[in-house]
Amino acid sequence: MPTHSSNIEFNPKLEHIRAIAALLVFFFHAFQFFHGNWKSYPDWPMLALLTEGHIGVGLFFTLSGYLFMKIASTGNIDYRRFIFNRFLRIFPLFLLVFFLAISLGRDRFQPQDLLYLLISNIGKPATSDYFVTGAAWTISIEFTFYLIFPFLALFIRQQGLIYIARLLLILLLLKLCVLNLAEHPAHVMQSTLVGRLDQFLIGMGLATLSTSPHFKKAYALIIATLAIMAISIIRSKYAMLFDSASRSILLAFWYSIEALTWGLFIYSYANAQWRLPLFIEKSLAFIGQRSYSLYLLHAIILYLLNTYLPNSIELPLAMLFAKIILALALSCLLADLSWRSIELPFLNLRQHYVH
């Protein structure tokens, strides 16, 4: 049985983009956990994609909007089947991570903590108490988007890009309220749907555009990559604008800027007519297919590796990168095991939801 969705023609380049998003988050966590102590490195601009790899989350969100809008453009969505498919895709592995978290904190568990299954990105969910389960905060944002996506897609198909523009304006006003009223505005912007919905919407908007021949050329992707490097460097150099105490007006616009940059990357790479070397394409396809497991489970490998192979001294960069590559290999093995044992059996239960 095919492992990809039956609701859209398979585009392997979208798997590659998933892999890039997962790898960015992996390398960010690995570097910071092994060496960086969770801080920015403005003096290392050429490594900004590594030290600020959390921007890979924005790529995941923008790609979700792009991919699902592409699907919605082929027909009408059956809401029940769509949500059923999304549940099968997201919750089996998320439940594993969630129950690991509440098991680790068994003595503090309260029955109402089960509500964090629905909202793992606000309050004090058990998944946020441990590094090994910390990545789960994004899942609630993603699933909340799924709940409203079929309606958004319908209205965009009826009204066009002007509908997205109106929503983005409303979101900007909400963000300005957050900027002035929230105790930690940057945290709210980063980890709630109010702060991140613009990224899904921008991805959806780009999916409605016809393909320009310019985006089929290599220079389009080069420009997009340079833009991504630029926002990574800005994020690193001006980290104080994004700390928990910041009320910089930039926060109200940042995730939209991030999404526009990633959208340019997605649009140019997905429509490119040139190919990467076969080995790289196969590697990205392998990781992309397992990107969800890699994203949610890689922290387990990082933690165990650092526990059983601790640094007795600060590692030279060459040794640090060797340790990171070992962690990546082990994380890919775990992701493959998880994909075959947890994800794939449920994926095979999916239904066709576009008609």
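The values are calculated or read from the model by the stated rules, or taken from the named source; none is laboratory data. Because the structure is a prediction, the values reported are computed rather than measured. Don't worry about glycine lacking a Cβ; one is built from the backbone with ideal geometry, like all the others, and counts go over all protein chains shown. The protein model used for the area step is the full one, side chains on, heavy atoms only, and it has no ligands, DNA or RNA in it. Shrake-Rupley method; radii C 1.70, N 1.55, O 1.52, S 1.80 Å.
Computed from the C-beta positions of residue 115 and residue 76, the FRET efficiency with R₀ = 51 Å rounds to 0.95. Computed per residue of the chain from DSSP H runs no shorter than four, each worth -39500 (n - 2.57), the mean residue ellipticity at 222 nm is -21500 deg cm²/dmol. In terms of packing, defined here as the mean over residues of other Cβ atoms within 10 angstrom, the peptides 180-187, 13-20 line up highest first as 13-20, 180-187. Compared with the alpha-carbon gap, the fully stretched path from residue 39 to residue 222 is longer by 63.1 nm at 0.36 nm per residue.
Which residues does a label at residue 309 reach in region 318-346, if reach means a backbone N under 17 Å from a point 7 Å past the Cα toward the Cβ? Correct set: 318-335.
Look at the alpha carbon pairs under 8 Å that are at least 6 residues apart: their mean separation over the length of region 39-128 gives a relative contact order of 19 percent. Couplings 3J(HN,Hα) for region 318-331, derived from phi with the Karplus relation 6.51 cos²θ - 1.76 cosθ + 1.60 (θ = phi - 60°), are 4, 5, 4, 5, 5, 5, 5, 5, 4, 5, 5, 4, 5, 5 Hz, where x marks Gly and Pro. Take region 1-158 with all the other protein chains still there, run a 1.4 Å probe, and you get 45 Å² of accessible area per residue. For residue 175, the aspartates and glutamates whose Cα falls under 17 Å of its own Cα, not counting residues fewer than eight places away in the same chain, are 183, 198, 243, 258. The stretch between residue 276 and residue 170 holds 34.1 nm of extra length on full extension. This uses 0.36 nm per residue minus the Cα-Cα distance. Roughly how many Å² is the accessible area per residue of region 261-328, as a whole number, for a 1.4 Å probe? Result: 50 Å² of accessible area for each residue. Take each peptide in 295-302, 318-325, 27-34, count the other Cβ atoms within 10 Å of every residue, and average; sorted highest first, the result is 295-302, 27-34, 318-325. Taking every alpha-carbon pair under 8 Å whose residues sit at least 6 apart, region 147-236 reaches a relative contact order of 20 percent. Only Cα pairs under 8 Å and 6+ residues apart enter the sum, and on that basis the relative contact order of the chain stands at 32 percent. Solvent-accessible area of region 1-99 (1.4 angstrom probe, protein heavy atoms only): carbon and sulfur portion equals 62 percent.
Residue by residue, region 234-240 carries 3J(HN,Hα) couplings of 4, 4, 6, 6, 10, 4, 5 Hz when phi is fed to the Karplus relation 6.51 cos²θ - 1.76 cosθ + 1.60 (θ = phi - 60°); x denotes Gly or Pro.
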